[in-house]
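Readers should treat all values here as calculations from the given coordinates under stated rules, not as data from a laboratory. Not measured: the values here are computed from a predicted model. Note that we place each Cβ from the backbone using ideal geometry, even for glycine, and neighbour counts take in every protein chain shown.
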Amino acid sequence: MPDAPQPTILLAAYGSRHPRARPAFDALEARIRARFPGHPMAWSFTSRNVRRRLPGTLSPHQALLQLADQGTRRVVVQSLHIIPGGEYDETLAAASALRDRFEAVTVGAPLLASDVDLRRVALALAELAKPDLDAGRAAVFMGHGTEHPGNIWYARLAKELERIDPRLVLDTLEAGNGPTAVVRRLATVGATCVGLHPFLLTAGMHAQHDMAGDDPDSWRSVLATHGIEARPDLRGAAEFPPLADIWLDHLAEALPLLD
Ligand code: CO
């Protein structure tokens, strides 16, 4: 097979099988194709659970093996993860393990990987929350969270957001302070109505169920119990161009490393 003129872009996301995640994946893919024309593109999912339920989907390792077998010589693996955590480690490990199968392989950084990213992400979230703030509401962002040391990025981002405006509150579903801590923070700014946004690539299961769902332990329900009306926003980060473009910029930084 003749070598492709442009390096292949292999996207590595956690993955989701929720139908509502599809628009986020499609929007991001269209944005990448428009900015990086001529590059062959492929997807991979780091979640084993998602792959098991979506037949035909591949891990980064499996996708790289397939690309190598197809004769691909140069590939950039772009992490679509939020923080450099376990999923990103796994992506790096796959690229490292299969380095010898390619002329060149490199990995683009996740959303939050430098102090510059931290500031950009905070400003993008502030922009996303502008309609809330303008209407006198606070804005709550629900990230995923992890026991991995990379979890520190959520805490750093929460501080940065608070510096921009104390009505911007971010916490995580796992390994964070939880929705009751969010309620305490909201009390300090006297918020009784908030925009509730997922800080996740897609508005899949966690956004639909854990954030905005009807169960008594969803973030929306916990806030309601404390007299705070939450208005859920069901857009993933990939559907908000100022955030999506940070991943694209990381891809633009990674591509020249193949030369
Ligand atoms: Co999860």
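Relative contact order for the chain: 21 percent, from Cα pairs under 8 Å spaced at least 6 residues apart, divided by residue count.
Calculate how steeply helix 115-128 sits against the longest principal axis of the alpha-carbon atoms of the chain, using the helix alpha-carbon long axis, and give the answer as 0 to 90 degrees to the nearest 10. So the helix axis and the longest Cα principal axis differ by about 50 degrees. A protection proxy built from the mean count of other Cβ atoms within 10 Å ranks the segments 169-176, 98-105, 249-256, most packed first, as 169-176, 249-256, 98-105.
Between VAL116, VAL183, VAL76, the residue with the greatest mean-square fluctuation in the GNM of the chain (Cα pairs under 10 Å linked by springs) is VAL116.
Report the relative contact order of the stretch 129-259, percent, no decimals, based on alpha-carbon pairs under 8 angstrom and at least 6 residues apart.
Worked out over the stretch 129-259, it gives 23 percent.
Only helical runs count toward this figure. For the chain, summing -39,500 (n - 2.57) over DSSP H runs of n ≥ 4 and dividing by all residues gives -12000 deg cm²/dmol at 222 nm. FRET efficiency for the pair THR192 and ALA30, taken as 1/(1 + (r/R0)^6) with r the Cβ-Cβ distance and R0 = 41 Å, rounds to 0.60.
Distance between the pseudo-spin-label points of ASN177 and ASP100 (7 Å out from Cα toward the beta carbon): 5.0 nm. Label point of ILE152 set 7 angstrom out along Cα-Cβ; within the stretch 87-112, amide nitrogens under 19 Å from it belong to 87-90, 109-112.
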